[in-house]
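Peer 1: Following this message is one structure expressed as structure tokens.
The values are calculated or read from the model by the stated rules, or taken from the named source; none is laboratory data. Please read all numbers here as calculations on a predicted model, not as lab measurements. Heads up, the Cβs are rebuilt from the backbone with ideal geometry, glycines too, and the neighbour counts pull from every protein chain shown. Ligands, DNA and RNA are stripped out before the accessible areas are found, and what is left, the full protein with its side chains, is counted by its heavy atoms. Shrake-Rupley method; radii C 1.70, N 1.55, O 1.52, S 1.80 Å.
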Amino acid sequence: MQIKNICCIGAGYVGGPTMSVIANRCPDIKVNVVDKNEERINLWNDKNLENLPIYEPGLDKIISKCRGKNLFFSTNISENIAKADAVFISVNTPTKKRGIGAGQASDLKWVEVCAREVARFARGYTIVIEKSTLPVRTAEVIKKILDASISKECKDNQATYFDVLSNPEFLAEGTAIKDLEAPDRVLIGGERDEAILALSQVYRNWVPKEKILHTNIWSSELAKLSANAFLAQRISSINSIGALCEATGADVREVSRAIGSDKRIGSKFLDAGPGFGGSCFKKDILNLVYLSKYFGLKNVADFWEGVVTLNNWHQHRISQLVVKKLFGTVTGKKIYILGFAFKANTNDTRESAAITICKDLLEEGAILSIHDQKVKPHQISNDLGISENKEANALNENNNFELEGQWSFSEEIDNGFILADAVIVLTEWDVYSEINWVEMSKKMRAPAWVFDVRSIINQSEVKKAKLNFWRIGDGS
Ligand code: NAD
Ligand code: UGA
């Protein structure tokens with residue numbers, strides 16, 4: 001069996017880039033990406049590539065090459081499922097907000113809706129592929145829904161039958177295209193060789209054979225959750241050591257370099273920062289915690305829950321120490337936030353540490369000016385739950401108590417420095433490492449502070465500007 005027509009349900013951060021790369025690398029395969037969100041689909045079809053709904057370096061080039069040729073975005077879900085011989089499910093799987101497992105288990109309602117839609121509209125043999133990150137044994141649920149539809153009806157006299165595969169995605173935002181073009185591995189979990197082989201053939205168009213791993217379906221589902229848990233655990237580990245560095249006179253960058261030189265440990269994911277954000281780490285670990293508890297493994301659950309607990313504590317630790325350094329109060333003081341995305345090179349703010357830190361500071365009465373290279377002000381309003389107040393940009397020299405707890409967006413990097421008491425670097429956008437501190441310090445209100453939570457600022461330049469300087473994990 002050869003896959004010739006793909007339908008991907010979910011045109012998000014995973015569905016969009018993944019299908020674009022498949023379309024680019026497999027010109028003989030027609031790829032239809034569908035979504036129920038019409039606004040998002042319109043943006044994917046926008047002539048102006050600046051308006052694509054997600055920002056990923058290199059994505060615009062692929063879209064301009066493939067869109068309208070073998071890559072299509074639409075809201076026509078039923079028709080595209082019917083035409084497909086492989087359907088990827090790439091919808092969101094957030095943490096459940098209510099009911100059994102609330103706060104930990106994944107909410108699978110959208111995955112189930114997709115399974116029912118595939119069951120209803122598929123024609124002939126169809127491979128259904130889990131691309132979303134899912135709890136172990138979700139494939140069983142999908143298969144049951146699909147199989148129930150077969151026994152109910154014989155559609156257009158075509159025998160419909162299904163295979164379900166797990167093919168989790170390991171891309172990281174900001175480097176999605178690079179990760180998809182040259183993956184460390186492609187993981188395919190399944191039961192029947194025919195289906196596994198058919199999907200492997202798609203990836204074989206550009207991925208070397210030895211990088212395509214075949215496992216049973218449950219190992220594949222669990223490997224995805226475990227990979228994210230291991231990565232997040234490293235960040236909590238280094239952030240915990242960073243706090244200890246600050247207390248003891250050590251430097252977390254030096255500690256990272258020393259421990260990362262050990263080949264058994266490795267150097268990646270050892271950068272101390274404001275705490276991990278992103279839509280997945282927290283949700284996937286909590287899912288692992290839930291699964292462990294469900295299977296009676298309380299010690300396993302406690303171990304992984306600690307990774308999230310430390311991350312939460314760490315984010316609040318940053319805001320608390322800013323308040324402490326600013327003479328114990330930030331009420332009516334202007335603080336300039338550099339970076340709101342959860343990491344550089346993305347416009348995604350989901351679970352960004354900046355949200356927690358900004359909320360804490362607003363609660364303390366600070367007046368925030370916020371800059372980001374790609375995040376739009378309306379997104380920040382949604383995340384903070386407070387609308388932008390443009391007046392929060394125009395402060396008096398002395399007393400601005402009437403603007404307490406307000407924030408405004410700074411379109412130009414330079415403007416946000418005006419009368420700021422402190423600057424906090426929360427996202428590692430390249431442009432922030434090029435700031436002329438001597439010039440900017442002239443705009444700020446002395447005695448002013450620079451808090452570098454990403455270790456990207458040139459310390460000697462800041463000191464030359466006679467600004468107070470604090471850096472994550474620096475106890476010197
Ligand atoms: P997303 O929220 O950006 O996109 C999901 C899309 O699915 C949305 O546009 C939504 O409208 C659509 N959708 C939901 N239900 C639908 C339905 N029934 N029919 C049609 N469309 C529907 O999410 P994402 O970041 O792309 O994540 C998707 C999955 O991939 C999650 O399980 C996530 O854990 C996993 N994942 C994400 C990343 C990442 O970097 N974001 C990386 C690897 C894995
Ligand atoms: C992460 C994983 O890296 C991907 O493999 C996975 O596919 C994806 O989650 C997912 O399942 O969603 P992503 O969240 O996009 O990717 O980005 P990361 O580069 O992992 O960064 C996550 C967070 O950790 C960011 O807030 C980042 O700033 C932070 N981080 C990362 C650090 O604080 N220190 C580091 O050393 C690395």
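Peer 1: If E191 satisfies every condition in (1) touching a strand residue (DSSP E or B) at 6+ places or on another chain (Cβ under 6 Å); (2) part of a loop (DSSP other than H, G, I, E, B) but one, which is the exception?
Peer 2: All conditions are met except number (1).
Peer 1: Tell me the residue from S78, S74, S20 that is in contact with a Cys (Cβ under 9 Å, 6 or more places away or on another chain) and either within 25 Å of A119 (Cα to Cα) or within 16 Å of ligand 1 (Cβ to nearest atom) (or both), please.
Peer 2: Values: S78 fails: in contact with a Cys (Cβ under 9 Å, 6 or more places away or on another chain); S74 fails: in contact with a Cys (Cβ under 9 Å, 6 or more places away or on another chain).
Just a single option satisfies the conditions, and that option is S20.
Peer 1: Okay, moving on. Given the criterion within 16 Å of ligand 1 (Cβ to nearest atom) and either among the hydrophobic types (A, V, I, L, M, F, W, C) or modelled with pLDDT of 95 or more (or both), identify the matching residue among G260, G249, G277, G273. If you could, list the steps in order and put the result at the bottom.
Peer 2: On the way: G260 fails: within 16 Å of ligand 1 (Cβ to nearest atom); G249 fails: within 16 Å of ligand 1 (Cβ to nearest atom); G273 fails: within 16 Å of ligand 1 (Cβ to nearest atom).
Matching residue, one of G260, G249, G277, G273: G277.
Peer 1: Could you check segment 88-114 and list, in sequence order, the residues that are surrounded by 17 or more Cβ atoms within 10 Å (Cβ to Cβ), within 20 Å of E169 (Cβ to Cβ) and touching an Asp or Glu at 6+ places or on another chain (Cβ under 9 Å)?
Peer 2: F88, I89, S90, V91, N92, T93, T95, S106, V111
Peer 1: Do we find that R185 is open to solvent by 30 Å² or more (accessible area, probe 1.4 Å), within 16 Å of ligand 1 (Cβ to nearest atom) and in contact with a strand residue (DSSP E or B) (Cβ under 6 Å, 6 or more places away or on another chain) in this structure?
Peer 2: Numbers: open to solvent by 30 Å² or more (accessible area, probe 1.4 Å): yes; within 16 Å of ligand 1 (Cβ to nearest atom): yes; in contact with a strand residue (DSSP E or B) (Cβ under 6 Å, 6 or more places away or on another chain): yes.
Yes.
Peer 1: So is T175 within 10 Å of ligand 2 (Cβ to nearest atom), β-branched (V, I, T) and surrounded by fewer than 21 Cβ atoms within 10 Å (Cβ to Cβ) or not?
Peer 2: Working: within 10 Å of ligand 2 (Cβ to nearest atom): yes; β-branched (V, I, T): yes; surrounded by fewer than 21 Cβ atoms within 10 Å (Cβ to Cβ): yes.
So T175 fits the description; yes.
Peer 1: Additional query: What is the one condition in (1) of a type outside the set (K, R); (2) under 28 Å from the mean Cα position of the chain (by Cα); (3) at positive phi that G124 does not satisfy?
Peer 2: (2)
Peer 1: Could I ask something else about it? Based on what the data block shows, is A86 of a type in the set (G, A, S), touching a residue at least 12 places away in the same chain (Cβ under 8 Å), touching a helix residue (DSSP H, G or I) at 6+ places or on another chain (Cβ under 6 Å) and under 25 Å from V31 (Cα atoms)? Give the derivation first.
Peer 2: On the way: of a type in the set (G, A, S): yes; touching a residue at least 12 places away in the same chain (Cβ under 8 Å): yes; touching a helix residue (DSSP H, G or I) at 6+ places or on another chain (Cβ under 6 Å): no; under 25 Å from V31 (Cα atoms): yes.
No, not satisfied.
Peer 1: Filter segment 115-135 down to residues that are open to solvent by less than 10 Å² (accessible area, probe 1.4 Å), part of a helix (DSSP H, G or I) and either touching a Ser or Thr at 6+ places or on another chain (Cβ under 8 Å) or polar (S, T, N, Q) (or both), then give me how many there are.
Peer 2: Total satisfying the criteria: 2.
Peer 1: Just checking, how many residues over segment 384-408 are modelled with pLDDT of 85 or more, of a type in the set (A, V, I, L, M, F, W, C) and either at positive phi or touching a Lys or Arg at 6+ places or on another chain (Cβ under 8 Å) (or both)?
Peer 2: 1
Peer 1: May I ask you to list pairs of residues, at least six apart or on different chains, whose Cβ atoms are under 6 Å apart, with the first in segment 8-25 being over 14 Å from I81 (Cβ atoms) and outside any helix (DSSP H, G or I) and the second being near ligand 1 (Cβ under 7 Å from one of its atoms) and polar (S, T, N, Q)?
Peer 2: V14/S90
Peer 1: Quick check on this structure: which one of F269, F276, F281, F295 is surrounded by fewer than 17 Cβ atoms within 10 Å (Cβ to Cβ), of a type in the set (F, W, Y) and within 20 Å of E351 (Cβ to Cβ)? Full working, then the answer.
Peer 2: On the way: F276 fails: surrounded by fewer than 17 Cβ atoms within 10 Å (Cβ to Cβ); F281 fails: surrounded by fewer than 17 Cβ atoms within 10 Å (Cβ to Cβ); F295 fails: within 20 Å of E351 (Cβ to Cβ).
Every option except F269 fails the conditions.
Peer 1: Here is a follow-up. From the list E404, E411, E397, E388, which residue is free of Cβ contacts under 8 Å to residues at least 60 places away in the same chain and out of contact with any His (no Cβ under 9 Å at 6 or more places or on another chain)?
Peer 2: On the way: E404 fails: free of Cβ contacts under 8 Å to residues at least 60 places away in the same chain; E411 fails: out of contact with any His (no Cβ under 9 Å at 6 or more places or on another chain); E388 fails: out of contact with any His (no Cβ under 9 Å at 6 or more places or on another chain).
On inspection, the qualifying residue turns out to be E397.
Peer 1: Looking at I238, I217 in this structure, which one is crowded, with 18+ Cβ neighbours inside 10 Å, among the aliphatic types (A, V, I, L, M), touching an Asp or Glu at 6+ places or on another chain (Cβ under 9 Å) and more than 22 Å from A353 (Cβ to Cβ)? Full working, then the answer.
Peer 2: Numbers: I238 fails: more than 22 Å from A353 (Cβ to Cβ).
Matching residue, one of I238, I217: I217.
Peer 1: Determine whether segment 2-20 contains at least one residue that is buried (at least 19 other Cβ atoms within 10 Å of the Cβ), more than 16 Å from ligand 2 (Cβ to nearest atom), at pLDDT 95 or above and hydroxyl-bearing (S, T, Y).
Peer 2: Looking for residues that are buried (at least 19 other Cβ atoms within 10 Å of the Cβ), more than 16 Å from ligand 2 (Cβ to nearest atom), at pLDDT 95 or above and hydroxyl-bearing (S, T, Y), one finds at least one in segment 2-20, hence yes.
Peer 1: If you go through segment 38-52 one residue at a time, do you hit one that is within 16 Å of ligand 2 (Cβ to nearest atom), under 20 Å from the mean Cα position of the chain (by Cα) and either crowded, with 21+ Cβ neighbours inside 10 Å or not aliphatic (A, V, I, L, M) (or both)?
Peer 2: No, because not a single residue in segment 38-52 is within 16 Å of ligand 2 (Cβ to nearest atom), under 20 Å from the mean Cα position of the chain (by Cα) and either crowded, with 21+ Cβ neighbours inside 10 Å or not aliphatic (A, V, I, L, M) (or both).
Peer 1: Looking at G332, is it modelled with pLDDT of 95 or more and not hydrophobic (A, V, I, L, M, F, W, C)?
Peer 2: Details: modelled with pLDDT of 95 or more: no; not hydrophobic (A, V, I, L, M, F, W, C): yes.
No: the conditions fail for G332.
Peer 1: Further question on the same structure: With the condition being under 28 Å from G473 (Cβ atoms), I'd like the strands (runs of 3 or more DSSP E) fully within segment 388-462 carrying at least 3 qualifying residues. Reasoning before the result, please.
Peer 2: Values: elements: 407-409, 422-425, 449-452.
Because the criterion is at least 3 residues that are under 28 Å from G473 (Cβ atoms), the strands (runs of 3 or more DSSP E) in segment 388-462 that meet it are 422-425, 449-452.
Peer 1: Please list, ordered by first then second residue, the pairs with beta carbon atoms under 9 Å, 6 or more apart or interchain, first in segment 206-233 and assigned to a strand (DSSP E or B), second of a type in the set (S, T, N, Q).
Peer 2: I212/S200; L213/S220; H214/S200; H214/S220; T215/S166
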